[in-house]
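Single-structure report; data block below.
No lab work stands behind these numbers, since they all come straight from the coordinates. None of these values were measured; they are calculated from a predicted model. Ideal geometry is used to build each Cβ from the backbone, glycine not excepted, and the neighbour counts take in all protein chains shown.
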Amino acid sequence: MTEKADILEFDEGYEFPPVNYDLKPEVMRDYLAAVSDGSGFFAAGEAVPPTMLAARAMISLFEHVSLPDGSIHLQQELRFLKTVKPGDTIQCRGRISRKRMRGRFNLLTVELAVDAPDGDVVMTGKTIFSLPGNTAA
Amino acid sequence: MLEIATLAPGTPLPAMVKEVRQADINLYAEASGDHNPIHIDEEFARGTEFGGTIAHGMLVMAYISELMTIAFGQSWLEGGSLDIRFRVPARPGDRVRVSGEVTAVSREDTFSVVKCRVDCRNERDEIIINGDAAVRVAVA
């Protein structure tokens with residue numbers, strides 16, 4: 001198994017390798033059960049919950065990069081532009097847009113985007129993490 | 001869904017209560033791909049500052065999105081935005097009250113923009129997450 005690189009090794013502007021993800025209907029069903037979704041809006045299978053896209057987008061970024069122990073998810077911005085359906089394949093993209101020290105912690109801002117199969121952007125977002133350590137750029 | 005024409009600052013969104021269960025956290029880990037042991041490994045989590053497992057922040061954030069979906073339907077899925085902060089973790093056994101209220105409504109010829117304040121609180125009234133949501137709604 002390939003060891004993951006520490007995210008703090010990367011500078012502002014670093015772009016994560018894009019990752020494709022298949023939105024399997026059975027995984028969506030598990031997701032809806034896990035968040036005990038009672039909206040009924042996704043039962044017909046016409047759309048995937050946008051927060052599931054956000055969760056998958058964030059995790060996909062860290063397939064090859066690790067966050068150090070003690071990292072904290074501080075803030076999350078999301079913008080939903082379009083829906084995708086179960087069975088679609090999305091592409092998740094991300095880049096480190098900001099990296100700053102605050103005390104003994106690094107504040108890392110990662111911009112996210114999810115593309116639909118037709119190339120349209122379906123979701124964008126910004127995630128701010130606090131990471132322990134004193135090795136900021 | 002809410003009737004947009006009737007919304008004004010102070011209008012409450014339909015609140016709901018969610019119970020956080022370890023089984024749901026485990027299922028969320030599978031569905032999201034986030035297998036951080038702080039969420040699913042009780043023995044590991046006991047040795048951390050949290051003293052036990054905690055729910056994924058994004059799991060609790062999904063409660064907010066459900067609230068907005070119920071209130072605004074498809075408009076939320078294709079024209080919604082969220083800006084939230086994670087304050088304290090949600091833990092297994094917590095009952096989370098999910099609520100919000102309209103803070104502003106701007107009406108244009110073909111659409112309205114509704115801004116809301118949203119939050120999730122535990123039984124001790126601690127804010128788990130809070131922030132702002134906005135949705136662009138086409139005028140029928």
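Observations on the structure shown:
- Per residue of peptide A:70-79, the mean number of Cβ atoms on other chains within 10 Å of the residue Cβ is 6.
- With R₀ set to 25 Å, the beta-carbon distance separating residue B:125 from residue B:46 gives a calculated FRET efficiency near 0.45.
- The residue among A:43, A:14, A:90 whose Cα reaches farthest toward the positive pole of the charge dipole of chain A, with charges on the beta-carbon of Lys, Arg, Asp and Glu, is A:14.
- Region B:1-18-region B:94-133 distance, computed between alpha-carbon centres (Å): 9 Å
- Along the axis of the charge dipole computed for region B:66-107 (Cβ charges of +1 for Lys and Arg, -1 for Asp and Glu, origin at the Cα centre), the listed residues B:105, B:88, B:71 are led at the positive end by B:88.
- Chain A: antiparallel DSSP beta bridges as a percent of all, rounded to 5: 95 percent
- Rounded tilt (10° steps) of A:25-34 against the dominant C-alpha axis of chain A: 70 degrees
- For chain A, the longest principal axis of the alpha carbon atoms and the long axis of helix A:50-61 meet at an angle near 40°.
- Rounded to the nearest 20 debye, dipole of region A:27-137 from Cβ charges on Lys, Arg, Asp, Glu: 620 debye
- Which of A:64, B:56 has the fewest Cβ neighbours within 10 Å, and the rest in rising order: A:64, B:56
- Between the helical axis of B:57-72 and the longest alpha-carbon principal axis of chain B there is an angle of about 20 degrees.
- In nm, spacing of pseudo-spin labels at residue A:97 and residue B:107 (7 Å Cα→C-beta vector): 3.3 nm
- Each Lys or Arg adds one and each Asp or Glu subtracts one; over the other residues with Cβ under 13 Å from the Cβ of residue A:31, this totals -4.
- Average partner coverage of B:53-63, which counts Cβ from other chains inside 10 Å: 5
- Order of B:102, B:114 under a 10 Å beta carbon neighbour criterion, fewest first: B:102, B:114
- Exceeding the 28 Å Cα-Cα cut-off - candidates A:4/A:99; A:82/A:126; A:24/A:126; A:4/B:18; A:24/A:82: A:4/B:18
- Size descriptors for chain A: radius of gyration and Dmax over Cα atoms are 16.0, 49 Å.
- Shielding by partners for peptide B:72-80, expressed as the average number of C-beta atoms from other protein chains within 10 Å of each residue's C-beta, is 5.
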